[in-house]
Amino acid sequence: MPADESSLPPSAVEELGFWRDELALRGKHADSVRRRLDPAQRAVEFPDFLRDPVIPLLRGVFSTTEPLTCLELGSGPLSSLAWGVDAKLLDVTAVDVLADHYRALLDEHGHGAFPVRPVAGTGETLLERFDPESFQLVYVRNALDHTDDLPRSFDNLVRLTTEGGAIVLQHHLNEGSHREWSASHHWNLDLGARGLSATHRSGTTHEVGARKDLELVYLSYRSYLLDGWIDVIYRKV
């Protein structure tokens, strides 16, 4: 256990306990973890619509065969984008508030060679670490609803995206209220006028994509009658 783990809030300690079990392959997602850890199986965990059409389209936009620069916010210890690094499609910079602890857990369980090693940071502080327009692709999965200041975090993501680049968001719907506003959930995410709408636990609503520098290019919405999930792709213009 990292020396300073005892000073973390209960929600963070719970998250680390979850991943300690998963990385030991005794959690409820053991099959998925095995696939992410195995270079021969990682492609199964890679988001399908990044492989086709997002990455091919971005390679055309930027006229490159080099790995696309990619920022992942809220990656956890085992980024689902690792196969993209193996395949030299992506150069992933993963950011997570618990990154220091996650790296220690990876090393503790003998997974130090995993190709994506997260660095510590939050959505609100991204511009303190990276220059504007540093990334051709930004990817966030089930992390925006955990941010304290979602409008600021999302603005940072947009500012870090190169013109012509893509911002890809994949989230469970209304996870805040679904989790009864647990300590780690601050926002509900749902279908909005410009793709994604965020409602704070206080009731304040923010239309995420309602800005002149974004174009909504893809939206997939599945209600709770199916699996309660939304996929959104914006293009920086």
Among HIS109, ILE233, HIS186, which residue has its Cα furthest toward the positive end of the charge dipole of the chain, with +1 on Lys/Arg Cβ and -1 on Asp/Glu Cβ?
ILE233
Round to a whole angstrom and tell me the spacing of the C-alpha centers of the stretch 65-132 and the stretch 206-237.
23
Cα-projected label distance for LEU8 with ASP38, points at 7 Å along beta-carbon direction, nm
2.8
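When the convex hull of the C-alpha atoms of the chain is computed, what volume per residue in Å³ does it have?
Details: hull volume 30.3 nm³, N = 237.
Convex hull volume per residue, Cα atoms: 128 Å³.
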Add +1 for every Lys or Arg and -1 for every Asp or Glu among the other residues with Cβ under 13 Å from the Cβ of HIS185, and state the total.
-4
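Counting other Cβ atoms within 10 Å, which trypsin sites (Lys or Arg not before Pro) in the stretch 15-71 have at most 12 and lie in a DSSP loop? Walk me through the numbers on the way to the answer.
Values: sites: ARG20, ARG26, LYS28, ARG34, ARG35, ARG36, ARG42, ARG51, ARG59; in loops: ARG26, LYS28.
Counting only loop positions with at most 12 other Cβ atoms within 10 Å, the trypsin sites (Lys or Arg not before Pro) in the stretch 15-71 are ARG26, LYS28.
Which order do the peptides 115-123, 199-207 take when ranked by the mean count of other beta-carbon atoms within 10 Å per residue, highest first? Intermediate results must be reported in sequence, preceding the final value.
Values: 115-123: 19.0, 199-207: 12.4.
By packing density, highest mean first, the sequence is 115-123, 199-207.
Please list, by residue number, every one of the chymotrypsin sites (Phe, Trp or Tyr not before Pro) in the stretch 27-85 that is coil in DSSP and has at most 16 other beta-carbon atoms within 10 Å.
Values: sites: PHE49, PHE62, TRP83; in loops: PHE62.
Of the chymotrypsin sites (Phe, Trp or Tyr not before Pro), the ones in loops of the stretch 27-85 whose Cβ has at most 16 other Cβ atoms within 10 Å are PHE62.
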Kindly provide the GluC sites (Glu not before Pro) of the stretch 151-189 that DSSP labels as loop, not H, G, I, E or B, and whose Cβ sees at most 16 other Cβ atoms within 10 Å.
GLU180
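Taken together, the values in this text are just the output of simple stated rules run on the coordinates, not laboratory data. None of the values given here were measured: they were computed from a predicted structure. For neighbour counting, all protein chains shown are included, and Cβ atoms are generated from backbone atoms with ideal geometry for every residue, glycine included.
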